[in-house]
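The values are calculated or read from the model by the stated rules, or taken from the named source; none is laboratory data. Keep in mind that this is a model prediction, so the values were computed, not measured. With ideal geometry, Cβ positions are generated from the backbone for all residues, glycine too; neighbour counts draw on all protein chains shown. Note: accessible area is taken over every heavy atom of the protein model, side chains too, but ligands, DNA and RNA are not part of it. Shrake-Rupley method; radii C 1.70, N 1.55, O 1.52, S 1.80 Å.
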Amino acid sequence: MSSIGTGYDLSASTFSPDGRVFQVEYAMKAVENSSTAIGIRCKDGIVFGVEKLVLSKLYEEGSNKRIFNIDRHVGMAVAGLLADARSLAEVAREEASNFRSNYGHDIPLKHLSDRVAMYVHAYTLYSAVRPFGCSFILGSYDKDDGPQLYMVDPSGISHGYWGCAIGKAKQAAKTEIEKLQMKEMTCRELVKEVAKIIYIVHDEVKDKAFELELSWVGEVTNGRHELVPKDIKEEAEKYAKDSLEEEDDSDEDNM
């Protein structure tokens, strides 16, 4: 039974006869039209990679970042509407700050992702508001729990992952992530693979220019979420480009 165009998609508080909430599905579509973001968990930390599309040559390099610092030990990579993502990052920061002032230690990532997921879910219940048009990946590292990775989508669902992808090329990115032996890898090894995956899934025909954003949190950063240093990032990008050229050459040889 198709319910599109029959009034069931006018409000987030209305179910269609076949049990769907169209406004939430449309919010997910907004995420699928966005640039790709991936997060992968390895044995000693988390690595984030984001393909940030550059829509104008006049943009300043490094502006409109899609990776956020939420707390000392928590990072966030987003896909979808950037303004929505910024407001959710602010909510997450407030939750982390309140937890520290109340309990005197860092917020566990499961608790943080559940709290922010509840907030996102609240925006799918009322006709006066619209759902958030973004998904985000949260990653953290601490000595007791080790690395943790969670993803929250516009419906307010939160799942734990070893590796996940959001955005327009999420299916292709997931296929590449599944090929990795991430449980045996370190952050330094994984940075190169994350850069390679972003370069592989980037659509050169539709989207010409893009900036690669990389960040990590783990033993290598003493449990702090930081952007990957410039020299390591450049090395990872070189590795990614060389790998793509090798694959192109081998494809030509096979033909």
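Taking amide H atoms as placed 1.01 Å from N in the peptide plane, the amide H of residue 146 has no partner under 5 Å among residues 5 or more positions away or on other chains.
With a 1.4 Å probe and every protein chain left in place, work out the accessible area per residue of region 1-135 in Å², rounded to a whole number.
50
Restriction of the chymotrypsin sites (Phe, Trp or Tyr not before Pro) in region 123-226 to DSSP coil positions whose beta-carbon has at most 14 other beta-carbons within 10 angstrom yields 126. Computed with a 1.4 Å probe over protein heavy atoms only, the accessible surface of region 184-255 comes to 61 Å² per residue.
Over all Cα pairs of region 19-91, how is the pair count split among 10 Å bins, expressed in % and running from 0 up to the last occupied bin? Per 10 Å bin, starting at 0, the Cα pair percentages come out as 16, 42, 31, 10, 1. Here is what passes the span test in the chain: the DSSP H helices with alpha carbon length of 18 Å or more along the helix axis and a Kyte-Doolittle mean of 0.0 or above are 109-122, 187-201. How charged is the neighbourhood of residue 6? Take every other residue with its Cβ under 13 Å from the Cβ of residue 6, and add Lys/Arg as +1 and Asp/Glu as -1. That works out to -1. The heavy atoms of residue 137 offer some 0 square angstrom of accessible surface to a 1.4 angstrom probe.
Considering only 132, 243, 164, and ranking their Cα positions along the charge dipole of region 121-255 that arises from unit charges at the beta-carbon of Lys, Arg, Asp and Glu, the one farthest toward the positive end is 132. Free of any trypsin sites (Lys or Arg not before Pro) that DSSP assigns to a loop and that have at most 10 other C-beta atoms within 10 Å, the longest stretch within the chain is 58-142. Answer rounded, prolate or oblate for region 102-241, using the Cα gyration tensor with square roots of eigenvalues a ≥ b ≥ c: rounded when a/c is under 1.5, else prolate when a/b is larger than b/c, else oblate. In terms of gyration-tensor shape, oblate. Loop-located GluC sites (Glu not before Pro) across region 119-224 with a Cβ neighbour count of 13 or fewer within 10 Å are 204, with loop assigned by DSSP. Value of Rg to Rh for the chain, rounded to two decimals, is 1.00; Kirkwood radius and Rg both from alpha-carbon coordinates.
Couplings 3J(HN,Hα) of region 204-209, computed from phi: 6, 6, 7, 10, 6, 8 Hz, in residue order, whole Hz [Karplus 6.51 cos²θ - 1.76 cosθ + 1.60, θ = phi - 60°; x for Gly and Pro].
Share of carbon and sulfur in the accessible area of the chain stands at 49%, probe radius 1.4 Å.
Applying a DSSP loop filter and a limit of 16 other Cβ atoms within 10 Å to the GluC sites (Glu not before Pro) in region 1-80 leaves 60, 61.
In sequence order, what are the phi-derived ³J(HN,Hα) couplings for region 50-64 according to the Karplus relation 6.51 cos²θ - 1.76 cosθ + 1.60 with θ = phi - 60°, rounded to whole Hz, with x for glycine and proline? 3J(HN,Hα) across region 50-64, in whole Hz: 10, 8, 9, 5, 9, 7, 9, 5, 8, 5, 6, 5, x, 7, 6. Name the shape class, rounded, prolate or oblate, that the alpha-carbon gyration tensor gives for region 170-214, where a ≥ b ≥ c are the square roots of its eigenvalues, rounded holds for a/c under 1.5, and otherwise prolate holds if a/b is larger than b/c and oblate otherwise. Judged from the Cα gyration tensor, region 170-214 comes out oblate (a/c at least 1.5, b/c at or above a/b). Let me have the relative contact order for region 53-101, percent, based on Cα pairs under 8 Å that are six or more residues apart. Relative contact order of region 53-101: 29 percent. Take the alpha carbon atoms of region 42-69, find their center, do the same for region 94-167, and report the distance between the two centers in whole angstrom. First find each Cα centre; the distance between them is then 19 Å. Each semi-axis of the equivalent ellipsoid for region 120-166 is √(5λ) with λ an eigenvalue of the Cα gyration tensor; in descending order they amount to 27, 11, 7 Å. Classified by the C-alpha gyration tensor, region 1-60 has an oblate form. Its axis ratio a/c, with a ≥ b ≥ c, is 1.5 or above, and a/b does not exceed b/c.
Apply 1/(1 + (r/R0)^6) to the Cβ-Cβ distance of residue 189 and residue 118, taking R0 = 51 Å, and write down the FRET efficiency to the nearest 0.05.
Efficiency for this residue pair is about 0.90.
Between 191, 205, 228, the residue with the greatest mean-square fluctuation in the GNM of the chain (Cα pairs under 10 Å linked by springs) is 205.
Coupling constants for region 67-76 follow from the phi torsions by the Karplus curve (6.51 cos²θ - 1.76 cosθ + 1.60, θ = phi - 60°), and in residue order they are 10, 10, 8, 9, 8, 3, 10, 10, x, 9 Hz; glycine and proline get x.
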